[in-house]
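Single-structure report; data block below.
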């Protein structure tokens, strides 16, 4: 038996694994452009970091964290109903305690009935103006806080090492799978070569 035929699938498996390993490494390396034999080599992510930052910034600002979605959530009736009991408690404390401390004579003329009437009036007014205030606030915040540019600057500021660490942390299993599948496919191709050789020489 020709032992070289046995080695062919093993060599093919190694080549398949190695080429995929190199391909993964070339996603991040070299981190700075390097010329070799007249060809410039540069890792894909370091080379495309600017475009990656811009795409991610647009994605976050338009799809993942939209100001209109935040505004809708804040001004929704459900959210308002959750906040109002806390607001009511503060108003009640203000009228009964702080207002009386500031104007002691006033407390002599204000009983529980009047306090409840004042509180109800305040609460009704707040339920009306709160959504309008939050809508205006969100409009001003949107002008002052450009999410797209914030994300772009953050990603642009990442070092190549940090960017590699983040992506490796997210895709470690996938990268390992790509390496393994390269070895498996290389082994299968090598095995087919052996079978073809045996078939054609028999």
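Taking a ≥ b ≥ c as the square roots of the Cα gyration tensor eigenvalues, with a/c under 1.5 meaning rounded and otherwise prolate when a/b beats b/c, else oblate, which class fits segment 31-110?
Judged from the Cα gyration tensor, segment 31-110 comes out prolate (a/c at least 1.5, a/b above b/c).
Mind telling me which of 97, 135, 62 comes out most flexible in a GNM of the chain, alpha-carbon contacts under 10 Å?
97
Using helices alone, I'd like the mean residue ellipticity at 222 nm for the chain: each DSSP H run of four-plus residues gives -39500 (n - 2.57), total over residue count, nearest 500.
Rounded to the nearest 500, it is -25500 deg cm²/dmol.
Taking the Cα atoms only, what angle lies between the long axis of helix 147-157 and the longest principal axis of the chain, rounded to 10 degrees?
That helix lies at roughly 40 degrees to the long axis.
Under 20 Å from the 7 Å Cα→Cβ point of residue 88, by amide nitrogen: which residues of segment 108-130?
It comes to 111-130, nothing else.
Can you compute the FRET efficiency between residue 74 and residue 31 using 1/(1 + (r/R0)^6), with r the Cβ-Cβ distance and R0 = 45 Å? Round to the nearest 0.05.
0.60
Taking the structure as given and computing Cα extents along the principal axes in Å, which label from (i) 56, 41, 28; (ii) 114, 39, 26; (iii) 56, 31, 25 fits?
Checked against the structure: label (ii).
To the nearest 10 degrees, how steep is helix 160-201 against the longest Cα principal axis of the chain, on a 0 to 90 scale?
30
If one takes the longest principal axis of the Cα atoms in the chain, at what angle in degrees, from 0 to 90 and to the nearest 10, does the Cα axis of helix 77-93 lie?
40
May I ask you to derive the relative contact order of the chain, considering only C-alpha pairs under 8 Å and at least 6 residues apart, and to give it as an integer percent?
48
Read the figures in this text as sums done on the coordinates, not as results from a lab. In this text the structure is predicted, and so the values were computed from the model without any measurement. A quick note on method: Cβ atoms are made from the backbone with ideal geometry, for glycine too, and the neighbour counts reach across all protein chains shown.
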